[in-house]
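Working notes, structure below.
The values are calculated or read from the model by the stated rules, or taken from the named source; none is laboratory data. As the structure is a computational prediction, the values presented were derived from the model and not from experiment. Positions of Cβ are backbone-derived with ideal geometry, glycine not excepted, and every protein chain shown enters the neighbour counts. Each accessible area value is taken on the protein alone, full model and side chains, heavy atoms only, with ligands, DNA and RNA left out. Shrake-Rupley method; radii C 1.70, N 1.55, O 1.52, S 1.80 Å.
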Amino acid sequence: MSVRSDSAKPAQLNTINKALTQPVKSADESKPVLSFSNFTNDVANSWLLPDGVVDVLFEDAHKQEVLRYQLTQQLIAHGYQLVNPPMIEFTESLLSDASEDLKRQTFKIIDQLTGRLMGLRADITPQILRIDAHHGGTGIARYCYAGDVIHTLPSGLFGSRTPLQLGAEIFGCASLAADIELIDVLFGMVNMLDMSADLHIDLGHVAIFKRLAELAELSDSDTEHLMNLYANKNLPELKRVCQALPMGGDFYALARFGHDIENLLAKLSATAQQDTQIADAVDELQRLKTHLQEQWQCPVSIDVTELSGYHYHTGIVFNGYINSETQPLVRGGRFDGMQSGSQLTGHQLREATGFSMDVSRLLAHTQLDAPIVVLVDYMASSSANEEQRQTLWQQVESLRQQGYRVTMPLNAEDRPANITHHLNFINNQWQLQTVLA
């Protein structure tokens with residue numbers, strides 16, 4: 001069976017379109033009829049991929065697979081257990097504690113065996129919660145994963161709907177030490193890749209806003225309204241709205257001074273300044289920022305109004321950006337898992353923290369070593385005797401084990417692209433010869 005490349009499609013389409021849309025004369029010569037136009041459109045559309053869905057081909061596919069392997073091996077070396085949850089689950093477990101955003105991003109299908117509703121995962125973290133609830137016990141547990149997820153909508157203007165999500169999670173540790181460990185593991189992975197780009201970290205802490213909302217006894221509608229204003233950076237409207245809210249000056253101070261954590265407490269009301277939960281959150285931000293700057297010499301910004309995961313996250317949150325890209329490469333933060341056996345003990349919460357990234361986003365910022373592509377001489381291999389063939393096979397296998405890409409041609413025209421070496425039979429032995437530029 002032959003497989004045609006995408007490069008042949010435009011020419012084929014033009015030929016088909018020209019042939020199938022030619023006017024066909026009817027009985028009335030003055031009324032030409034277009035035949036097979038629907039068929040032409042069907043052929044053209046069958047070669048199109050949905051928006052946000054692309055093929056990952058050739059060198060990029062190889063690079064993506066190498067990145068997946070290297071990164072997961074790095075996580076395993078740090079004590080994280082590799083898990084591979086299924087692509088589909090019943091929505092009762094997959095979306096039981098999911099945010100509205102995640103529910104909208106999840107494709108739903110009907111299980112043909114049971115008639116129950118299933119979801120194609122849009123995020124792997126909820127599956128890790130289920131795994132930890134059944135297998136994590138009560139102590140500290142570390143998990144890592146790498147797998148495809150499917151989104152109903154792309155994230156951002158040119159975002160992918162089929163990211164390759166890789167991540168790590170720590171369950172059972174409530175201290176900042178777990179967040180620092182994850183940050184250290186993340187930067188160890190990034191530095192190992194020798195990326196041609198810098199990683200910038202944006203820190204936040206949703207507990208500050210949550211605690212202020214509790215102290216002010218805000219309604220759900222006021223809370224959502226404030227979060228929308230924060231997201232849109234609408235300071236004039238925020239100032240007007242805050243004037244009518246209890247502790248409104250504190251909510252306005254988050255937007256005005258939330259980037260300068262050293263001064264934020266001084267701008268808050270006495271009630272907020274004396275609250276231990278807010279003080280602890282500010283302290284965690286300062287400690288994590290200092291660690292990033294001293295340990296990794298990383299540019300760090302702070303935004304305590306970053307509340308995109310407000311209904312899911314419980315504490316520290318962070319986004320990692322490459323250069324000036326608008327969409328983060330890495331997202332992470334604190335959240336609540338479920339204690340093992342919680343069905344019997346009343347849904348006890350289990351502290352957790354983690355991060356995830358789209359491995360495909362790394363393709364543009366990393367390079368693999370240039371491959372050594374070897375072509376065996378077709379005439380020499382086809383005319384070789386049994387002893388020469390055995391020697392050839394041994395040498396080919398040896399080269400492949402060293403990482404060389406060796407092609408045994410099927411005919412004289414069978415030639416891979418970008419050949420760097422030939423394996424020729426010279427002076428009664430197989431010799432590797434460099435292709436001169």
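For the chain, what is the calculated [θ] at 222 nm in deg cm²/dmol (nearest 500), taking -39500 (n - 2.57) for each run of four or more DSSP H residues and dividing by its residue count? Could the numbers behind the result be given before it?
Values: 17 runs with 180 residues, N = 437.
The helix contribution divided over the chain gives -12500 deg cm²/dmol.
If you fit an axis through the alpha-carbon atoms of helix 276-296 and take the longest principal axis of the Cα set of the chain, what angle between them do you get, 0 to 90°, nearest 10?
Its long axis makes an angle of about 40 degrees.
So, counting K/R as plus one and D/E as minus one, what does the shell of residues with Cβ under 14 Å around Tyr321 add up to?
-4
Of all beta bridges DSSP finds with both residues in the chain, what is the antiparallel percent, to the nearest 5? Walk me through the numbers before you get to the answer.
Details: 51 of 62 bridges.
Around 80 percent of the beta bridges assigned by DSSP in the chain are antiparallel ones.
Taking R0 as 60 Å, what FRET efficiency do you get between Glu386 and His135 from their Cβ-Cβ distance, rounded to the nearest 0.05?
Numbers: r = 55 Å, r/R0 = 0.91.
For Glu386 and His135, the calculated efficiency is 0.65.
Please list Tyr310, Tyr230 from largest to smallest accessible area, probe radius 1.4 Å, with all protein chains kept in place. Show your work: numbers first, answer last.
Details: Tyr310 30, Tyr230 5 Å².
Largest accessible area first, the list is Tyr310, Tyr230.
For segment 214-351, what's the radius of gyration and Dmax over Cα atoms, in angstrom?
Considering segment 214-351 through its Cα atoms, Rg and Dmax are 16.8, 50 Å.
Which sequence of Thr138, Thr106, Thr290 reflects their accessible areas, 1.4 Å probe, from the largest down?
Thr138, Thr290, Thr106
Percent of accessible area on the chain owned by carbon and sulfur, 1.4 Å probe?
On the way: 12630 of 24250 Å².
Heavy-atom surface of the chain belonging to carbon and sulfur, 1.4 Å probe: 52 percent.
Provide the packing ranking of 88-94, 360-366, 350-356, i.e. peptides ordered by the mean count of other C-beta atoms within 10 Å per residue, highest first.
Descending mean neighbour count gives 350-356, 360-366, 88-94.
How far, in nm, would the chain grow between Leu368 and Arg116 when pulled straight, counting 0.36 nm per residue and subtracting the alpha carbon separation? Could the numbers behind the result be given before it?
Values: separation 252, 0.36 × 252 = 90.72 nm, distance 4.49 nm.
This chain segment gains 86.2 nm when fully extended.
Could you tally the net charge around Leu67, taking each other residue with its Cβ under 15 Å from the Cβ of Leu67, Lys/Arg +1 and Asp/Glu -1? Could you put the intermediate results ahead of the total?
On the way: positive: Lys63, Arg68, Arg361; negative: Glu59, Asp60, Glu65, Asp148, Asp194, Asp358, Asp369.
Surrounding charge for Leu67 is -4.
With a cut-off of 8 Å between alpha carbons and a minimum separation of six or more residues, what is the relative contact order of the chain in percent?
Working: 631 pairs, mean separation 63.4, N = 437.
Answer for the chain is 14 percent.
Between 0 and 90 degrees, rounded to the nearest ten: what's the tilt of helix 386-401 against the longest Cα principal axis of the chain?
20 degrees
Please give me, ordered by residue number, the trypsin sites (Lys or Arg not before Pro) of segment 194-268 that lie in loop per DSSP and have at most 14 other Cβ atoms within 10 Å.
Values: sites: Lys210, Arg211, Lys233, Lys239, Arg240, Arg256, Lys267; in loops: Lys233.
When the trypsin sites (Lys or Arg not before Pro) of segment 194-268 are filtered for loop state and at most 14 Cβ neighbours within 10 Å, Lys233 remain.
Heavy-atom accessible area of His225 with all protein chains present, probe 1.4 Å, nearest 10 Å²?
Near enough 80 Å² of accessible area.
Among (1) 18.7; (2) 24.6; (3) 35.3, which one is mean projected area of the Cα convex hull in nm² computed from these coordinates?
(3)
Under a 1.4 angstrom probe, counting protein chains only, how are Lys103, Lys63 ranked by accessible area, largest first?
Details: Lys103 65, Lys63 20 Å².
If we order Lys103, Lys63 from most to least accessible, we get Lys103, Lys63.
Using the crude model of +1 on Lys and Arg Cβ and -1 on Asp and Glu Cβ, and no other charge, please compute the dipole size for the chain relative to its Cα centre, in debye to 20.
Working: 32 positive and 52 negative charges, 177 e Å.
Rounded to the nearest 20 debye, it is 840 debye.
So for the pair Gln431, Gln348, with labels modelled 7 Å out along Cα→Cβ, what separation do we get in nm?
For Gln431 paired with Gln348, the spin-label model returns 7.4 nm.
Of Lys108/Lys289; Lys63/Lys233; Lys239/Lys289; Lys210/Lys289; Lys108/Lys233; Lys103/Lys210, which ones are farther than 32 Å apart at the Cα? If you can, show how the numbers build up before the last one.
On the way: Lys108/Lys289 40 Å; Lys63/Lys233 38 Å; Lys239/Lys289 28 Å; Lys210/Lys289 21 Å; Lys108/Lys233 34 Å; Lys103/Lys210 22 Å.
Long pairs (Cα-Cα over 32 Å): Lys108/Lys289; Lys63/Lys233; Lys108/Lys233.
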